[in-house]
Amino acid sequence: GRVYVMLSHSDFENGQVFEAMMMASEQRLDNLVCVVDDNRPGFDAMIYDKLSAFGFSLVRVMNGHNFEEVLNGFSRSFTTVRRPVCLWCKTVLAKGVDFAEGKQSYARSFFSAGEFGAIEGKFKKILNERL
């Protein structure tokens, strides 16, 4: 079976994540797919090069909000042999939330009750349309 791991920029602040990734590469765990949510300016260059040096097969998804692009990235990950895969998804922080979209001040915070109330109806509508 395949193992999927979702990571964000804050996960890379811990040395254990890098140690685990080095071990995964050393053991050639080709059933491991790490999905990185890249929504922070400057994050790309810092980590992307390091994962490449570790031996990960890197698959870029230029729009992590586009379902077809993400599926295509997963399809590409299935062809990798003897290497773990990193699906690198460029995203926008708080996509779809007008007042917070792209603002780093919302990266590690919760919406206030008023902010949540302002977006709750919008997201309920989206969920109902998809069900």
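The values are calculated or read from the model by the stated rules, or taken from the named source; none is laboratory data. What you see is a predicted model; the values in this text were computed from it and never measured. Note: ideal-geometry Cβ built from the backbone for every residue, glycine included; neighbour counts use all protein chains shown. Note: areas computed on protein heavy atoms with side chains; ligands, DNA, RNA excluded. Shrake-Rupley method; radii C 1.70, N 1.55, O 1.52, S 1.80 Å.
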- request: In a Gaussian network model over the chain where Cα atoms closer than 10 Å are linked, find which of Glu26, Glu120, Glu101 has the largest mean-square fluctuation.
  value: Glu120
message: Quick check for you: with a 1.4 Å probe and neighbouring chains kept, what is the accessible area per residue of the chain, in Å²?
response: 63
task: Pairs of Cα atoms under 8 Å, at least six residues apart: use those to get the relative contact order of the chain, whole percent.
output: 24
query: So for the range 15-131, what are the equivalent ellipsoid semi-axes in whole Å, largest first, each being the square root of 5 times an eigenvalue of the Cα gyration tensor?
result: 32, 18, 12
- prompt: What trypsin sites (Lys or Arg not before Pro) in the range 18-76 are in a loop by DSSP, with at most 13 other Cβ atoms within 10 Å of the Cβ?
  reply: Arg28
query: If ligands, DNA and RNA are left out, what is the accessible area of Lys95 with a 1.4 Å probe, given in Å² to the nearest 10?
result: 100
Carbon/sulfur fraction of accessible area - the chain, other protein chains in place, 1.4 Å, %: 55
task: With a bin width of 5 angstrom, please list the P(r) values of the range 1-84 as percents of all Cα-Cα pairs, from the 0 bin to the one holding the largest distance.
output: 3, 14, 26, 28, 20, 9, 1
query: Rounded to the nearest 500, what is the chain's calculated 222 nm mean residue ellipticity when only DSSP H runs of at least 4 contribute -39500 (n - 2.57) each, over all residues?
result: -13000 deg cm²/dmol
query: In nm, what is the difference between 0.36 nm times the number of residues separating Phe99 and Phe78 and their Cα-Cα distance?
result: 3.8 nm
